[in-house]
Amino acid sequence: MPTPLPAQVDTVVVGAGTGGAALTGVLVANSGESVLLLEAGPDYGAYADGRWPADVLNAKDIPLSHDWGLTGQATPGRQLDLPRAKVIGGCSSHNGCTASISAREDYDDWAARGNPGWEAAVVEPVLEWVRDRFRVRRYRREELTSAQEAFVHAGLAVGLPFADDLDDIEAGVGIGPMPVNIVDGVRWNAAVAFLDPVRDAPNLTIAGDTAVQRLVFEGTTVTGVLVDGPDGPTVVRAGRVVLAAGAYHSPALLLRSGVGPAADLTALGVDVVADLPGVGQHLLDHPCVGLNFHGEPGLLDDLAEKEWNPDEQSLGRARSSRCDDGPYDIHVFMVAGANTGHPGLPPISLYGGAMRAVSQGRVTLSSADPRADPVVDHRYGSDPDGHDRTVLAESLELLRSMCAVPELAAVLGEEAVNGDPLDSIVNYCHPAGSCMMGPADDPAAVVDATGAVHGVSGLHVADASIMPAITRGNINLPTAMIGARVAAGLLGMDPAEAVRREPDLQPPAAITVYARTPA
């Protein structure tokens, strides 16, 4: 039964993915203001209610059951699927569960770009809280499948040191078991981590299956949202609106609502509220190159004999010749098994990723119709200096050297050759940056250091789209930190104090939380 929508609230949060869930949890726990959290996909309630689909909870596989079905241009003339989850918890309900708080240098860089309050010293306590909320643990080496152990061995053989601290803010070059937000086989998603502790709060309403068509403005002040309500389009009035719909849909909502490049909006027939050229620009990601293999005979049967046999379990980090002052800028990892996230590919794929990529894509609209998907053009490898292609080529060299190690070569079997991997750059599914954070005198900036949208009042963004540069690790935990950090700012609270006051969530009795392996 649809959730009745209030006519007016203090704050509307659009999007219950990682950023929106974390923001809502902190906001509700620290204030009495009324909050309405809107999610275009279904809300399955608290974990303890037992209504979550098994495929979404099963951390062994990557589900596709709630995918938005987006596609976009990767490089000129090449289309690519762009997996995004349309469900409470967002992509944390559909992902591979690799968890990283990224590197200290990344956040200091954000602050140095004109965004005070995002220094590592400020956000590190929030990142630690996020990691604890997600129940992050590290795989023990004895838990690795034979294929994943061979991958780690190959990395060690070519000179990468062993690392079991890959979720640490000081982590550097190395290879080892992945840190993951998995609790006894359950994908511990953002809805469970951040919303379950506050679901019963009287000042919170969560409405699933409720899409937002556009924002409502009076002049340049946002006054609410127009949603697809149970009885047709409905306006919910709000004193504040926070967009957390992700790096594709947050800029699309701004554009449909009249906030963006004026010429583009006029061409679409959208009334211009604020001429903000940066909306939808500066789209970032971690581009990857891949090598596919058919696997040794009997590989899948051998993996099936192990009770816990996920496709991904290990990760390597390295420095390229173009690395900045941070500790690494290359990821290498293996997918070995059912390859559930990429139906149709062979059972083994090796990937190398450029983790400080600088090529910029964009998000635009084909029409003002709220049912139309955003138009996404990632432009992977397009930076004029050739930075990203150089890093990807070096990641490919590292993978090739690992493939020559006999132990890994025996697991890989015959290669499925499909041309030069650099001609087929793929995505790591980490879109960011399309509502870039920066000072008002930066014409490319969309929000300021508090997440407030330039040129309008009452409107904030709190998801990965505000990243001024992409973090060099997987972005799920940093995105949750962004949500919590923006919430603390809205409340006028010190970020560390805001998360300390958040009520604790004890896992259900039937769940065993693995302790993190000591470093």
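Here region 1-40 and region 302-327 have alpha carbon centers that stand 35 Å from each other. Protein heavy-atom surface of region 15-83, 1.4 angstrom probe: 50% of the accessible area is carbon and sulfur, with nucleic acids and ligands not counted. From the square roots a ≥ b ≥ c of the eigenvalues of the alpha-carbon gyration tensor of region 115-216, which class results: rounded (a/c under 1.5), prolate (a/b over b/c), or oblate? It comes out prolate by the Cα gyration axes. Within the shell defined by Cβ-Cβ distances under 10 Å, the residues around N427 carry a net charge of -2, with Lys and Arg each +1 and Asp and Glu each -1. Dipole check for the chain: with +1 at the C-beta of Lys and Arg, -1 at the C-beta of Asp and Glu, and the Cα centre as origin, the magnitude is about 600 Debye. Looking at the chain, the accessible area is 35 square angstrom per residue; that uses a 1.4 Å probe and ignores ligands, DNA and RNA.
Each listed q (0.13, 0.15, 0.20 Å⁻¹) maps to a log10 I(q)/I(0) for region 361-478, found by the Debye formula over equal Cα scatterers with no solvent: -0.74, -0.90, -1.25.
Calculated [222 nm] ellipticity per residue, helices only, for the chain: -7000 deg cm²/dmol; basis is -39500 (n - 2.57) per DSSP H run with n ≥ 4, divided by all residues, nearest 500. Taking region 142-162 and a reference point 7 angstrom along Cα→Cβ of E305, the backbone N atoms nearer than 14 Å belong to 145-147. Rolling a 1.4 Å probe over the protein heavy atoms leaves S424 with an accessible area of roughly 50 Å².
Think of the chain as a dipole: +1 on every Lys or Arg Cβ, -1 on every Asp or Glu Cβ, centred on the Cα centre; then among S102, G386, N292, S102 lies furthest on the positive end. Between the Cα long axis of helix 476-491 and the first principal axis of the chain there is an angle of about 20°, rounded to the nearest 10. For region 42-119, the normalised intensity computed at q = 0.19 Å⁻¹ comes to -0.89 (log10 of I(q)/I(0), Debye sum over alpha carbons, equal scatterers, no solvent).
In the chain the longest region clear of GluC sites (Glu not before Pro) that are loop-assigned by DSSP and have at most 13 other C-beta atoms within 10 Å covers 1-169. With the Kirkwood sum run over all distinct C-alpha pairs, region 167-269 has a hydrodynamic radius of 17.5 Å.
Shown for region 96-192: the carbon plus sulfur share of the solvent-accessible area, taken with all protein chains present and a 1.4 angstrom probe, equals 49%.
Select one label from [x] 0.92; [y] 1.09; [z] 0.97: the one whose number is Cα Rg over 2.2 N^0.38 Å as derived from the coordinates shown. Recomputing Cα Rg over 2.2 N^0.38 Å here picks out [x]. Model label points for H294 and E415, set 7 angstrom from Cα along the Cα-to-Cβ axis, are 1.5 nm apart. Were the residues from A112 through D55 laid out at 0.36 nm apart, the gain over their Cα-Cα distance would be 16.3 nm.
On region 338-416, 53 percent of the accessible area sits on carbon and sulfur atoms, based on a 1.4 Å probe. Taking the Cα centre of the chain as the origin and placing charges on Cβ (Lys, Arg +1; Asp, Glu -1), which of G174, L265, V126 is farthest toward the positive end of the dipole? It is L265. With the charge dipole of the chain set up from +1 on Lys and Arg Cβ and -1 on Asp and Glu Cβ about the Cα centre, the Cα lying farthest toward the positive end among the listed residues Q360, C403, T220 is that of T220.
The values are calculated or read from the model by the stated rules, or taken from the named source; none is laboratory data. What you see is a predicted model; the values in this text were computed from it and never measured. Using ideal geometry, Cβ is built from the backbone for each residue, glycine included, and neighbour counts are taken over all protein chains shown. These accessible areas exclude ligands, DNA and RNA; they are computed on the full protein's heavy atoms, side chains included. Shrake-Rupley method; radii C 1.70, N 1.55, O 1.52, S 1.80 Å.
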